[in-house]
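Structure record follows, encoded as structure tokens.
The values are calculated or read from the model by the stated rules, or taken from the named source; none is laboratory data. In this text, all values refer to a predicted model and were calculated from it rather than measured experimentally. Neighbour counts run over all protein chains shown; Cβ positions are idealised from the backbone, glycine included.
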Amino acid sequence: MTKRKLLCGLGAALALGVAPQSGLAADAYPSRPIKVILPFATGGQSDVVARLLAARLSTGLGQPMVVENVPGAGGMIAAANVARAAPDGYTLFLANASTLTIAPYLQKGVNVKPTDFTPVTTVSQFPLVLVVNAASPYRSLADVIAAAKARPDKLSFASPGYGTTPHLIGETFRREAAIEITHVPYKGGAPALNDLLGRQVDLFFEAPSTLLPQIAAGKIRPLAVTSKTRMSALPDVRTVAEQGMPQLTLQSWSALVAPPNTPADVVARLRIETEKVLKNPDIVNKLQELGFEATSSTPQELTRMVRDEGATWSKLIKERNITVD
């Protein structure tokens, strides 16, 4: 009788489309390691955020989350790898504003579009800080604008490369202030900062995590932050809006996206676990120490943000005739 009851129960479960418990365990997501592709080299600010997030998500998801650095082509090599990956939730992309809202409009022949991804959630955001060498005479945006108008094309601003957010905010500054300053692109934030320290360039817009140690050491001076309100790490530094240029208000960001057609239940699980991590006080504090703010969004909110920022940067790129050549 016992055996007969077990067989009958199994048959009823199959008839209702319910898999046995062992099948559920085998098919549950995730059942193997997850790869997070990052479009930058190891050691940078995005790499720090990615590994911090991956370590905590591994615990929540119950599977290892491995960060893979795939730099090159302004993030488009990494983006293409993810866009072509199987839509099963085992290959993810920790993208940023540059890779989703700038590079697709700047680089010719790019086959990857922002709409080629399934949005999950934003992860962090941060303003940019405009800094000068500590020996510089400039102490405000007004000082820089006055000097640039007095000596057109004599001042220069550094960036981590063509098409990066610091490059385009510098171009926005040129346009909105009606000044001419020379753009000097570098292959990353570190060499750009080195030349600012060596007084080879005059100005540098960059993420706080790169600049805070040098600001604390008194080697560079912050003139403005692009956030809506003052940064807790730099409470005495005025915002761009406070200095009469609200057009420069900007929050850069990073976001988790997946290949196109990733199932909704997988996206929901990833978003729930990511939000748990981003609400953890320890993670919030660690990100703040690095100049980041933990933030999350719905997939719909992320889609709108990418669309709107893409339209803004695309217009600027065309107006200023910006190329990667």
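Condition test on I283, is it within 13 Å of V123 (Cβ to Cβ), assigned to a helix (DSSP H, G or I) and at pLDDT below 95? The answer is yes for I283. Residues that are under 16 Å from the mean Cα position of the chain (by Cα), assigned to a helix (DSSP H, G or I) and at pLDDT below 95 within the range 286-304 comprise L287, Q288, listed in sequence order.
Within the range 304-325, the set of residues being closer than 30 Å to P263 by Cβ and buried (at least 17 other Cβ atoms within 10 Å of the Cβ) comprises M305, V306, E309, G310. Taking the criterion of being surrounded by 21 or more Cβ atoms within 10 Å (Cβ to Cβ) and touching a strand residue (DSSP E or B) at 6+ places or on another chain (Cβ under 7 Å), the residues of the range 242-253 that qualify are S252, W253.
Taken over the range 234-253, the residue count meeting the criterion of being farther than 19 Å from T165 by Cβ and either assigned to a helix (DSSP H, G or I) or in contact (Cβ under 8 Å) with a residue 40 or more places away in the chain (or both) is 3.
Any residue in the range 249-263 that is over 16 Å from the mean Cα position of the chain (by Cα) and within 28 Å of V144 (Cβ to Cβ)? Yes, the range 249-263 contains at least one residue that is over 16 Å from the mean Cα position of the chain (by Cα) and within 28 Å of V144 (Cβ to Cβ). Where strands (runs of 3 or more DSSP E) sit wholly within the range 72-156, those with at least 1 residues that are among the aromatic types (F, W, Y), over 28 Å from P235 (Cβ atoms) and touching a Ser or Thr at 6+ places or on another chain (Cβ under 9 Å) occupy 91-96.
Taken over the range 254-271, residues that are buried (at least 21 other Cβ atoms within 10 Å of the Cβ) and assigned to a helix (DSSP H, G or I) amount to 1. Test N280 against the criterion of being surrounded by fewer than 19 Cβ atoms within 10 Å (Cβ to Cβ), touching a residue at least 24 places away in the same chain (Cβ under 8 Å) and not acidic (D, E), and give yes or no. Here the answer is yes, as N280 does meet what is asked. The residue list E275, E242 contains one member that is among the acidic types (D, E) and either under 19 Å from the mean Cα position of the chain (by Cα) or modelled with pLDDT under 95 (or both), which is E275.
Inclusion of T274 among residues that are crowded, with 19+ Cβ neighbours inside 10 Å and not in a loop (DSSP other than H, G, I, E, B) is warranted. Strands (runs of 3 or more DSSP E) fully within the range 165-230 that include at least 2 residues being in contact (Cβ under 8 Å) with a residue 60 or more places away in the chain and within 18 Å of Q45 (Cβ to Cβ): 203-206, 220-225.
Among the criteria (1) closer than 30 Å to L302 by Cα; (2) surrounded by fewer than 17 Cβ atoms within 10 Å (Cβ to Cβ); (3) not assigned by TED's automatic domain parsing to the domain that holds R271, the one A135 does not fulfil is (1).
Of the residues examined, A147 is one that is surrounded by 14 or more Cβ atoms within 10 Å (Cβ to Cβ) and over 30 Å from L278 (Cα atoms).
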